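The values are calculated or read from the model by the stated rules, or taken from the named source; none is laboratory data. Source: prediction; values computed, not measured. Here the Cβ positions follow ideal geometry from the backbone for every residue, glycine too, while neighbour counts run over all protein chains shown. For accessibility, only protein heavy atoms count, side chains too; no ligands or nucleic acids. Shrake-Rupley method; radii C 1.70, N 1.55, O 1.52, S 1.80 Å.
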Amino acid sequence: MKGTQVEEVPSFCIECYNNCPVTVRVENGVITKIEGNAKAPHTEGRLCPKGNAALMRVYDPNRLKVPLKRTNPEKGIGVDPKWQEISWDEALDTVTEKLKQQREANRRGLKMPSMELSRLSYFFCWGLAFGTTNIHLSAGTGGGVQCGNAGHTLGTQLWGSFHDWPEYKYTKYALFIGTNTGFESDRAIPVDAKRIADARVRGMKLVVVDPRFTHAAAKADEWVPIRPATDGAFALGIVNLLLNEYGIYDAEYLRRHTNAPYLVGPDGYCVRDPQTRKPLVWDSTDKQAKPYDFFNDDVAASRAALEGNYQVNGVACQPAFQLLKERVKEYTPEKVESITTVPQATLKRIAREFGENAQIGSTIEIEGQHWPLRGSMVVFYRGTQGHVHSTLTTLAIYALQMVVGAMGTPGGTSASAAGGMLNVQQLAAGPDGTPTFDLHHLHPYSPPAWPPTEYDLANYYPVDALSTSHLHYVAGADPAAWGLDPTMMVFADCSNPVMGVGDRAMMEAYHRNAFVVVMEQYLSETAALADVVLPSDFQLERHGLVGIKAGLPYLGLQYCQPAVQPPPGAREWTEVALELAERVGRIHGEGGFNHWVNLTFRLKPHYRLGLEERYTVPQVLERIAKNVIGDDGWHQLVTQGFFARKAPAAERYMPYGPARLALYNEYLKKTGEDLVVALRQCGAYDRLKDDIDFTDYDALPAWKPGPIHGPSDRYDMYAVNGKSVLFTFARSAFNPWLMEMAERDPYVLKVWINRATAHAKGIRDGQRIWVESAAGKVLGEAKVTEGVHPECLGIASTLGHWCDHPIAQGKGTHFNTLIGLSLKNTDPIAGNMQGSAVRVRVYPAD
């Protein structure tokens, strides 16, 4: 059009965790199109529907444009807040006064939930400067506690991997367990879809183990329906067959790259050299025990015994590998079938296929260096981990990968640390030969105490790497029961925990007890329980910085800058937070905001913030970025929206180097025992022992029935939830383009029920039904299908809004209403909430 001014602004998407780089087309000041950044090598210009539809967030007529304050002192779900419009000055004065009172009375009683990934750098530093550790990037959006805590925790501890990346390029056999990655969910969806498609054309076999017939299952060679929360038993059944029946395992890898040869005594701990305290290994040639590091070279490693019974200094001991073999013997095909419903013949065939396709002993030359080549991999994520005992399940899956040598090898999975790094984390070996690790780089850890010093009860989860954010609501709903100060406040950044966590009654009680400030684009379910609501800008209207998350081999940073200005009345959270920090006196000096930015991002002297200066958001982001990529890299980052570096094979593969992966996890066992001692000393053990199963702190994997298993006369089915490519986080359903596509889809907004089960219960396709759990009940529309396990109902996540928004309200079914929040419903190690499946009953609503 003549006279049209066109600008293409590089940015990135925040509609899910991936943060894919985008190009925003702006015509005469209006965004007309969003598409993938074709220059970005890590996503190849690809983008999913959520990214394309993000412009509808900018121009949603239902966006908040003026601050609001509650005038109705009664607070509850469905209660009219009787909002009154106020000025920004009045809003900031009110919030400032409340923050000052909170800091004076109980600074740790401030909770800060957010999922705005582009400004988390400020979020953490602001909270730490205020004096709270309850800074939860996962609270309220269906992330974190309902996603990959066990994998984040164990991956970090075992091999520095906050998130494992599948190596599709060389894989012959991919076993997906409880995940829809690359098809509808997980990171790098657009580019992983291409990688998987290429691998399938090349001949890779794909087997999907899931209660639902997902999009991944639809494209797979085989779908294996499984009873929810039994994935660990399935994995251990495969390990048993590989080790004790088929004899398929990578002995060389186990000897050289794991602690499988370490001798373990009857107390469950490694037998050690009396002088050096190094773990001992049995030399099968010299017939004597020697320190583990004697076997670090390839020649000596072949002499390390993996099996047998030995006497060392009068102590009877066995190699860790022998203990694993003995442990998994109980997971016979017959027992696994009784637990999982997977037929014995299917388990046996999959185990053999997995083992044979691993190509144990094969190698490949990449970039002039030879590596072990493994043709089998396991991919797992939220569906597997959203359960009690999920750490044990994750241990089982890692053990399966280790026994065939597929941890960090071409064709297996690669390690990826939390975003923002330019190099793959190369791990150093600790004194026992296993990798060193830093579990708490995202939050500090406070030791056990009674009453707890942390409102999220993190005192009782010393291994958790991410957060137990849902337990903040458990404690805060009844602070007196936990001996906690009832003076609480919430400062939420575009987060909707009332919708995204679970147990409406508990969430209502918590927000009734606290003074709640929500900065948001919409009057969400959580905003409806707020005392003050501040209108927020949107990601395409601000500056932001994130690390590349589209998967190896690319690492680096991505930058967004305003494509358009926010509507009048909406402001950027970080600028508001900085003004509040200055008003409260928490921006300058030691312990202030600037101090925490310097410390958190390890800024070099040249880039450090002056402790007495005030900076704008772009100025701080520039210093953080330049600290990583330098001045030249900053120019590239701003002009093209990303700075990408391709990591060479020498970094990507086997980042643990000479360190040995902990097939036998002595750290977990020791941490659990020390935790029990500390809890007894502080008087907390007797209060917690019935709710936290401390025996999960085991050095070897196992499967345990969870709270959703066992007989139940009333609740005879399981409800399982899964993601649709159309929706991530509790805000996606506000988008009219995405909702229109969902309404055209025959499954997304429905409750899936197996045809035979529906017939037995007298439920027809399209009929309105009630789904009820011990925590609550929800209304849905039945979709009768063969694509769900006969014992299960399938419900898409992040739907079923009840807030006053014309696009989202009443569309789909709210799964999280069915979730009960408690310590018993929490994994005792990683803190995962029992959120991927719940026990329910179903009956017609008509």
Margin query: Rolling a 1.4 Å sphere over the protein heavy atoms, what is the accessible area per residue of the stretch 349-434, to the nearest Å²?
Written below: 28 Å²
Next item on the list: Figure the gain on full extension for GLU791 and ASP713 (residue separation times 0.36 nm, minus the Cα-Cα span) and round it to one decimal in nm.
Entry: 26.7 nm
Item checked: Inter-probe distance in nm under a simple model that places probes 7 Å from Cα toward Cβ, at ASP745 and ASP298 -> 4.9 nm
Checklist line | Candidate residues ASP250, ASP164: accessible-area rank, largest first, probe 1.4 Å | finding: ASP164, ASP250
Checklist line | Convex hull projection area averaged over all views, the chain, Cα basis, nm² | finding: 35.9 nm²
Notebook entry, point to check: GLU579: accessible area at probe 1.4 Å, nearest 10 Å²?
Noted result: 60 Å²
Next item on the list: Would you compute, from DSSP H runs of 4+ residues alone, the mean residue ellipticity of the chain at 222 nm, taking -39500 (n - 2.57) per run and dividing by the full residue count, rounded to the nearest 500?
Entry: -8500 deg cm²/dmol
Notebook entry, point to check: So, in nm, how far is label ASP846 from label GLU356 when the simple model puts each one 7 Å beyond its Cα toward the Cβ?
Noted result: 5.1 nm
Checklist line | Distance from the stretch 486-512 to the stretch 706-768 (C-alpha centre basis), Å | finding: 25 Å
Check: For the stretch 56-120, what % of the accessible area comes from carbon and sulfur atoms, probe 1.4 Å?
Finding: 46 percent
Next item on the list: Please tell me the relative contact order of the stretch 337-480 in percent, rounded to the nearest whole number, where contacts are Cα pairs under 8 Å and at least six residues apart.
Entry: 13 percent
Note to self: Students sometimes get this wrong: rank GLU572, GLU97 by accessible area, probe 1.4 Å, all chains present, largest first.
What the structure shows: GLU97, GLU572
Notebook entry, point to check: So what does ARG608 come to for accessible area, using a 1.4 Å probe and Å² rounded to 10?
Noted result: 120 Å²
Check: How big is the equivalent ellipsoid of the stretch 194-246 along its three axes, where each semi-axis is √(5λ) from the Cα gyration tensor, reported in whole Å from largest to smallest?
Finding: 24, 17, 7
Checklist line | Accessible surface of the stretch 694-804 [probe 1.4 Å, protein heavy atoms]: carbon and sulfur percent | finding: 52 percent
Notebook entry, point to check: At each listed q (0.15 Å⁻¹), what is the log10 of I(q)/I(0) that the Debye formula gives for the stretch 586-739 modelled as equal alpha-carbon point scatterers?
Noted result: -1.08
Item checked: Per residue, in Å², the accessible surface of the stretch 460-562 once ligands and nucleic acids are set aside, probe 1.4 Å -> 17 Å²
Check: If you roll a 1.4 Å probe over the stretch 294-425 with all protein chains in place, what percent of the accessible area is carbon or sulfur?
Finding: 48 percent
Check: Mind listing the Cα extents of the stretch 171-210 along all three principal axes, in Å, largest one first?
Finding: 23, 22, 11
Next item on the list: Go through LYS604, LYS783 and list them by solvent-accessible area, largest first, probe radius 1.4 Å.
Entry: LYS604, LYS783
Note to self: How would the stretch 747-846 be classified by its alpha-carbon gyration tensor: rounded, prolate or oblate, with rounded meaning a/c under 1.5 and the a/b versus b/c comparison settling the rest?
What the structure shows: oblate
Margin query: On a full-extension model of 0.36 nm per residue, what is the gain between LYS777 and ALA429, subtracting their alpha-carbon distance, rounded to one decimal in nm?
Written below: 120.2 nm
Next item on the list: Return a single number: how many Lys pairs in the stretch 1-153, at a sequence separation of 8 or more or on separate chains, have alpha-carbon atoms below 18 angstrom apart.
Entry: 7
Checklist line | Approximate shape of the stretch 371-497 as ellipsoid semi-axes (Cα gyration tensor, √5λ), whole Å, largest first | finding: 36, 17, 16
Notebook entry, point to check: Once the whole set of protein chains is in place, how much accessible area is left on GLU508, using a 1.4 Å probe, in Å² to the nearest 10?
Noted result: 40 Å²
Notebook entry, point to check: Alpha carbon centre of the stretch 254-326 versus the stretch 361-393: separation in Å?
Noted result: 25 Å
Next item on the list: Return one whole number: the accessible area per residue of the stretch 1-142 in Å², for a 1.4 Å probe.
Entry: 40 Å²
Notebook entry, point to check: Put a dot 7 Å past each Cα toward the Cβ at ARG512 and VAL201; how far apart are the dots in nm?
Noted result: 5.9 nm
Next item on the list: Before anything else, pin down the relative contact order of the stretch 342-401: Cα pairs under 8 Å, at least 6 apart, normalised by residue count, whole percent.
Entry: 22 percent
Note to self: Taking 19 Å as the cut-off for C-alpha to C-alpha distance, list the pairs among LYS670/LYS824; LYS704/LYS824; LYS194/LYS219 that go past it.
What the structure shows: LYS670/LYS824
Note to self: Would the stretch 269-417 count as rounded, prolate or oblate if I go by the C-alpha gyration tensor, calling it rounded below 1.5 in a/c and otherwise prolate when a/b exceeds b/c, oblate otherwise?
What the structure shows: oblate
Note to self: Students often check this: by mean Cβ neighbours within 10 Å, which of 173-180, 452-459, 326-333, 680-687 ranks highest, and how do the rest follow?
What the structure shows: 173-180, 452-459, 326-333, 680-687
